[in-house]
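Everything on this sheet refers to the single structure shown next.
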Amino acid sequence: MAFPPSKGKKHLCRGDLKLRITSLMDVMTLVLLFLLKTYSVSGPLMKPAEGVELPSSTVTQEPVKVLGLIITPDGLFEDAAAGERRMIEGIDVLNDDTVLQLTNLSTYLSNVQERNRYLGREEKRVLTIQGDKSIPYRWVLKVIDTCSGAGFEKIDFVVYKESKYRG
Amino acid sequence: MAFRPSLKKKRQFEEAEANVTPVMNLMCVLIPMLLTTAKFVDLALLEYNPPVLQETDASVDDNRGEGGVSTELLELRVNVAYDGLEVSIFNVIEGENFTIIPLDYDGAYDFRVFRDRLVEIKERIVGPAISESELLNDETGKLEIVNVYKYTDAEQIRISAEGDVPLQTIIQVLDYSREYKNLDGYFQPLFPSPALGQFQ
């Protein structure tokens, strides 16, 4: 025997279904506060090069954008996006112990300096190197010697910042 | 006789909710903007000034300890070999002024011992500054007061490494030789003027 429908339930007020977004608002507020806290007014002046795992250091000097070089385990490149990078020196030259000065790099640096002079840009004797942390010392030394020979007075290594308050 | 309960109490009141749609709209704009400008990795620059290396004059070595104090050279060198770190002063390769710091049990360079050795050299052999002098800073064009030590190269360290030593190790050597934390907890400069060179 079928029961008749309840008279009480029949009169229940069925309001519009609403999405409860209170919890979403909580999460969004937290994310917003976190992002505002880490927000930098100056913005990132330099981005780590793709495919390069930079070494870490305790230095605190903020990076500035100047002429840059990228050294990966595949060779020495000019500072550009991963797909547009032009190789300056290959592994064979960098590994060759009889080669002390990198001729392609010297040519590249003199071309850049010449172009800057032609365009009337301020001639900065500063160069940044984004070097993979696994590249051998002999490569670094050759690049430094060549850049120093080309007249660059300061060579900066781009590193990941780590806390110096270690043991 | 019991009264019949009023039917009014069954009336349901709708909950009043704040209209958060405009706030949500604002958040949907702000969060992507902040996400795109956020710095999730902190980059820094390790400055290196390639020095104009001057060959050690033999006459200076001969006059060590006899002439004026300004002619004395410390000649601190660090060689990063595959099997450890070699620290030497006064350009010797044996004796108490030549220290070999072998790899630790994990096969890594023992940078704590290395730093302790450098601190020992700084505090016991170099000693405190004996005077101050003014030096023109080429970058800022201003006069700066610099410390004068017993040795003219008291702030310099020559670092060399075997060819296949990775860059990370060199950066760590530069870090540990640049400054140290003294007993009071303050960071003090150690040998802040490095010169990278060929392995010897």
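Worth a mention:
- Among the residues making up segment A:136-161, those that are surrounded by 15 or more Cβ atoms within 10 Å (Cβ to Cβ) and more than 7 Å from chain B (Cβ to nearest Cβ) are A:TRP139, A:LYS142, A:VAL143, A:ASP145, A:THR146, A:CYS147, A:GLY149, A:ALA150, A:PHE152.
- Spans of helices (runs of 4 or more DSSP H) in segment A:68-167 with at least 3 residues within 22 Å of the chain's Cα centre (by Cα) and touching a residue at least 60 places away in the same chain (Cβ under 8 Å): A:137-149
- Selected residue (criterion: farthest from A:ASP96 (Cα to Cα)) from residues of segment A:120-144 that are modelled with pLDDT under 90 and among the acidic types (Asp, Glu): A:GLU122
- Out of A:ILE71, A:ILE88, sole residue that is surrounded by 15 or more Cβ atoms within 10 Å (Cβ to Cβ), of a type in the set (A, V, I, L, M, F, W, C) and within 14 Å of chain B (Cβ to nearest Cβ): A:ILE71
- If you go through segment B:166-184 and keep only what is among the aliphatic types (A, V, I, L, M) and either in a helix (DSSP H, G or I) or crowded, with 21+ Cβ neighbours inside 10 Å (or both), you end up with B:LEU167, B:ILE170, B:ILE171, B:VAL173, B:LEU174.
- Single residue of B:GLU132, B:GLU120 found to be farther than 28 Å from B:GLU86 by Cβ and out of contact with any Cys (no Cβ under 9 Å at 6 or more places or on another chain): B:GLU132
- Within segment B:122-161, if we keep just the residues that are surrounded by 15 or more Cβ atoms within 10 Å (Cβ to Cβ) and within 30 Å of A:GLN130 (Cβ to Cβ), the residue that is nearest to the other protein chains (Cβ to nearest Cβ) turns out to be B:ALA161.
- Test for A:LYS133: is it within 10 Å of chain B (Cβ to nearest Cβ), touching a Leu at 6+ places or on another chain (Cβ under 9 Å) and not hydrophobic (A, V, I, L, M, F, W, C): yes
The values are calculated or read from the model by the stated rules, or taken from the named source; none is laboratory data. Not measured: the values here are computed from a predicted model. Please note: Cβ atoms are built from the backbone with ideal geometry, for glycine as well, and neighbour counts cover all protein chains shown.
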